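Asks: The structure follows.
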Amino acid sequence: MNTMLRKSVLGIAGLAFTGGVFAGPVAAHAAEPVHSTKPVAVSVQGAQSKIDLNDEQTANAKAIIAATKKAGLPERAAVISIATSLQESKLENLGHLGDRNDHDSLGLFQQRPSSGWGTPEQITDPEYSTLAFLKGLKQVDGWDKMPLTEAAQTVQVSAYPDAYAQWEQQAADIVAHNWNS
């Protein structure tokens, strides 16, 4: 192949490649549905866990989202709240667990009456417990820009501070699916 033909073929191939690199993402996004909400996850850290939710767990996740909206906070707060509840109770509104209980922890967030979170009746109310968690979250400077596990740990003061991160993707998916419904 002569030099002129080779340069022409390489030039055309280069343009096709460059066009694909730049047009590919545009074309890919054109096929995606447009959502009115922006992504809620800042950055997912580490290996992720996921559980299948039953009707009660789904209702609790929706209650957390509703309480977050009532508090006037953005989707990121709901993601942090749901991830925290996934870690603490698997989104189950836990009553007293007897010998399996961690001190006197109750509800979706395993909050403790003896630590000032509220009465057992309040803590086991999904709206109340979420609003109490969010009140603590709002007191954390820069909570909306820090890693989820750091924000959750600052409020919860858990013995397992890094455990919240594993639920970020599922929490973000739950919020994205239910925020506007």
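The values are calculated or read from the model by the stated rules, or taken from the named source; none is laboratory data. Predicted, not measured: the structure shown is a model, and the values here were computed from it. For neighbour counting, all protein chains shown are included, and Cβ atoms are generated from backbone atoms with ideal geometry for every residue, glycine included. Just so you know, the surface numbers come from the protein's heavy atoms only, side chains and all, with ligands and any DNA or RNA stripped out. Shrake-Rupley method; radii C 1.70, N 1.55, O 1.52, S 1.80 Å.
Asks: Please list, in order, the residues from the stretch 132-150 whose amide nitrogen is less than 18 Å from a point placed 7 Å along the Cα→Cβ vector of residue 162.
Replies: Within reach of a label on residue 162: 147-150.
Asks: Continuing with this model, one more query. Let me cross-check residue 56: its accessible surface, 1.4 Å probe, with only protein heavy atoms counted, in Å² to the nearest 10?
Replies: The accessible area of residue 56 comes to roughly 90 Å².
Asks: What is the P(r) of the stretch 77-181, as percent of Cα-Cα pairs per 10 Å bin from 0?
Replies: The percentages, shortest bin first, are 16, 50, 30, 4, 0.
Asks: So how do 115, 181 rank on accessible area, 1.4 Å probe, biggest first, that is with the largest at the start?
Replies: Correct descending sequence by accessible area is 181, 115.
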